[in-house]
Structure formats: C-alpha cells, structure tokens
Amino acid sequence: MALQIPRIFSQAVPRTRRSPIIPTWASARRSFSAEFSPQTYAPDAQYSSNHVSKLLKTSILSEFSEQEAKSRIELAACYRLFGLKGWNENIYGHLTAKVHEDDGSESFLINPFGLLYSEITASSLIKVGADGSVKHPGVTGGLFGINDAGFVIHSAIHRARPDLQSVMHCHYPSAAGVSSLKQGFLELSQTSHQVGPIAYHDYQGVVVDRNEQKSLAEDMGDKNIMFLRNHGVITAGASIGAAWYLMYQLLAATDIQSHASACALGDAENLNMPSDRTVTKTYEVMHKKGFSGAAYGLKELSAYMRLLDKLDGSYRT
C-alpha cells in the first residue's frame, strides 16, 4: 500500500519576500553619557585602572635621602612578596619600615589603604609621623589614606622598640588559626625552632583604639614575634629583610603545625615534641652564629628581590 502523505505537508509552501524579524531587544540602542566608557569604568573614577596606573608609574625617590629610598624599595619588595605568596588579606594587613628625618625625628613608611600589594611601589608608600600625621603622601597623594589599625599597631611597637626597623602584620589563615588555639604556637619542627621566642596579645576587636597601644607594646616586650590572639601575627626585625624572613619562617611553621595537628587526630600525645635544648640550639645557629654567612634575612630577601626583578621590577619605581 502506498504511503499516504497528509496534504498539509505535501503542498509546496510559496516563497515570499519578507523582512527579517528583529527582536525588540536587539534593535534597541542606548546612548551613554560622555563620562562613561565600558573600557575604563570603575565604581569610582578616582580608583580606576587608568587613574591609579598613571600615578604608580611616577617615581619620586629623588625627593628622599638615599637611606629612605633604599628602605622604600625593600619595603615595596616585601609588599609584592606578601601578595605573591598570598599572605595578604585583600587590601588589608600592613608592613612598615622606620626612616630617620633630617631633624633627628623618626617616621615610618606604610601602604596606601586601597592598593593591592601587587601594586605597591617604592614611591607610593606613605610616610607617617609618630603622632599619625602624614609627612609625605607618596605618589597617590590623599587618594587612599592609611589603615587606622595599621597606625595603632605599628606606631606603638616602633615607639617602644627603637631597636626595630621594620614591623609586619598579617592574617594568614594557618597563623590566625594558631592564634586562636589555647596552647598557641608549638615548637614542632626545625622551621618552628628557628623563629625564636613568642609573645601573645589578647583579642580586643579591630585594633583602632589608641588605648590599646600600651598593652600592645607591653605584651610585645623584647620579642620579635607576637601572636594577636584570634586575629593574626606580627613579626619585627632590626632590618626589613629580617622582619620579612621571620614572617616567612613563622608562616611556614604555622602551616606545619596545622598539618601535624590534623595528622595527630586532635590528640597532643601523637605529637613528637623536641627537647628545649634542641630548640634553643637550632635558634642560636640561625640567629646568633651567622648560619647563612650574612645578617639574618639579608641573603633571603636579596634572593627574592631578584625573583621579583624577573617577574615585575616596577616595585622599584
């Protein structure tokens, strides 16, 4: 039997010229204001890529003493390294370096509050006096200002410890985790033994209260490492390289503690704790006997500055 095809399909459909159907959303055109460009838009134009990038390409290092210019370059390198290693928390955290003024007073350098660590340059660092006044705004001018918590923490320590050139602070997860433990930092491994004595400061909320400066300085004492409980860590050193490398080792040690604690299944009896004598010996080899053949942190920071120079040397600007 022949297949019967319904007439509706068997009849040829006549061809006619018809205009293409264009949906209303495709035909609609919007006009932008003269100020708006999709290529350069930012929620606030003063923080746009175009504006900030132009500022950061400017070098003003010739305005400062050679000693300050060197400190600016080293500190900018440390900011870049913190960003490279993920030690920063967004735009938060702060690293400072002390500089000497011609009149004999001391100031410290700190980051503009709003730049990513990967954007910091030597000329962008802000110079702040002991009273919190901005002595030099850097190339970003008054665009960003400084983190008030950064001033409270760092100015308190710099004032109390004239032996320190640099103070660094971060909220790295494993360090913040250890800061939240009742037993605190454990000297578990060789890396842990190299960092040295630890101080602790109890949590009082975001550090913006000037009244907390006294207890910060008292709790820090003569130590170069302090855990801010339920918050993060501080390292300090007689040089920028020393403060940076101490942070490098401390954060590695908190990673080790985090891993070891997990492997111990929550039972401290499963952790093998070295003797105090061994811990002391390791610390003295690293800090007092010139293990690297140079001052603590000097070779280490220099090596990482060479790495930065290969990746992006704009931190020197």
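The values are calculated or read from the model by the stated rules, or taken from the named source; none is laboratory data. No experiment lies behind these values; they were computed from the predicted model shown. Using ideal geometry, Cβ is built from the backbone for each residue, glycine included, and neighbour counts are taken over all protein chains shown. Heads up: the accessible areas ignore ligands, DNA and RNA and are worked out on the full protein's heavy atoms, side chains in. Shrake-Rupley method; radii C 1.70, N 1.55, O 1.52, S 1.80 Å.
Quick notes on this one:
- Protein heavy-atom surface of region 46-316, 1.4 angstrom probe: 51% of the accessible area is carbon and sulfur, with nucleic acids and ligands not counted.
- Global form of region 196-264, assessed from the alpha-carbon gyration tensor, a/c cut-off 1.5: oblate
- Take the Cα of residue 311, step 7 Å toward its Cβ, do the same at residue 36, and the gap between the two points is 3.7 nm.
- Taking every DSSP bridge with both residues inside region 46-316, close to 90 percent are antiparallel.
- For residue 219 and residue 50, the difference between the fully extended length at 0.36 nm per residue and the C-alpha to C-alpha distance is 56.4 nm.
- Length-normalised contact order of the chain in % [C-alpha pairs under 8 Å, at least 6 apart]: 17 percent
- Förster-model FRET efficiency, 22 Å R0, residue 272 and residue 230, C-beta, rounded to 0.05: 0.20
- Value at 222 nm in deg cm²/dmol, rounded to 500, when DSSP H runs of n ≥ 4 in the chain each add -39,500 (n - 2.57): -11000 deg cm²/dmol
- Magnitude of the charge dipole for the chain, about its Cα centre and with charges confined to Cβ atoms of Lys, Arg (+1) and Asp, Glu (-1), is about 1960 debye.
- Choice from 181, 81, 116 showing the highest fluctuation, given a GNM over the chain with Cα pairs closer than 10 Å: 181
- Estimated FRET transfer efficiency (residue 287, residue 29; beta-carbon r; R0 51 Å; 0.05): 0.15
- Taking 290, 129, 184 as the candidate residues, the one with maximal mean-square fluctuation in a Gaussian network model of the chain, Cα springs under 10 Å, is 290.
- Most mobile of 197, 38, 274 in a GNM of the chain (Cα contacts under 10 Å): 38
- Trypsin sites (Lys or Arg not before Pro) restricted to DSSP loop in region 132-190 with at most 11 other C-beta within 10 Å: 182
- Each Lys or Arg adds one and each Asp or Glu subtracts one; over the other residues with Cβ under 12 Å from the Cβ of residue 101, this totals -1.
- Correct choice for Cα extents along the principal axes in Å that was computed from the model, options (i) 78, 42, 34; (ii) 102, 60, 41; (iii) 59, 47, 38: (ii)
- Neighbour-limited loop hits for chymotrypsin sites (Phe, Trp or Tyr not before Pro), region 52-160 (at most 11 other Cβ within 10 Å; DSSP other than H, G, I, E, B): none
- Cα gyration tensor, region 226-317 - rounded (a/c under 1.5), prolate or oblate: prolate
- Range in the chain, longest, excluding exposed GluC sites (Glu not before Pro) [loop by DSSP; at most 15 other beta-carbon atoms within 10 Å]: 102-317
- Positive-end residue, the chain charge dipole about Cα centroid, Cβ charges, pick of 184, 227, 147: 147
- Segment residue 265..residue 101, full-extension length gain: 53.7 nm, with 0.36 nm per residue of separation and the alpha-carbon distance subtracted.
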